[in-house]
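First up is the structure itself, then whatever we jot down about it.
The values are calculated or read from the model by the stated rules, or taken from the named source; none is laboratory data. Fair warning: this is a prediction, and the values are worked out from it, not measured in the lab. Counting neighbours? That spans all protein chains shown, and the Cβs are built from the backbone with ideal geometry, glycine included.
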Amino acid sequence: MRAIITVIGHDHVGIVAAVANELAQHNMNIVDISQTIMDQNFTMMLLSEWDEEALSFVEAKQLLEQLGQTNDLTIRMQRQAVFDAIQKL
């Protein structure tokens, strides 16, 4: 399974570490990552892949949404195939 994950929120120390640690705990690999600060707002977009038999898309999405709530971030995830299809429109 491959998914695009976006993270947005007020910049603070440890955002990248928190997201990377959560992904690593669930054996989700970061394939590509980009992040920037825009007017004190943190934005990150990453491509992750993992074995969907071990962790479903829905479970992964819920884990990341919980992480976002805990860290005052908006974390969204969508399947790469859906993301790619939207970008072609």
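Within the stretch 12-25, residues that are touching a residue at least 40 places away in the same chain (Cβ under 8 Å) have Cβ atoms under 9 Å from residues that are of a type in the set (Val, Ile, Thr) in these pairs: Ile15/Val7; Ala18/Thr70; Val19/Ile5; Val19/Val7; Val19/Ile30; Val19/Ile75, counting only partners at least 6 apart in sequence or on another chain. When the strands (runs of 3 or more DSSP E) confined to the stretch 1-86 are screened for residues that are exposed (fewer than 15 other Cβ atoms within 10 Å of the Cβ) and among the hydrophobic types (A, V, I, L, M, F, W, C), those reaching at least 3 such residues are found at 29-38. Total residues in the stretch 59-89 satisfying the condition of being over 20 Å from Ile15 (Cα atoms) and touching a Gly at 6+ places or on another chain (Cβ under 9 Å): the figure is 0. Which of the residues belonging to the stretch 40-55 are closer than 16 Å to Thr74 by Cα and in contact with a Lys or Arg (Cβ under 7 Å, 6 or more places away or on another chain)? Selection gives nothing. Within the stretch 64-83, the only residue that satisfies the criterion of being modelled with pLDDT under 95 and of a type in the set (Gly, Ala, Ser) is Ala81.
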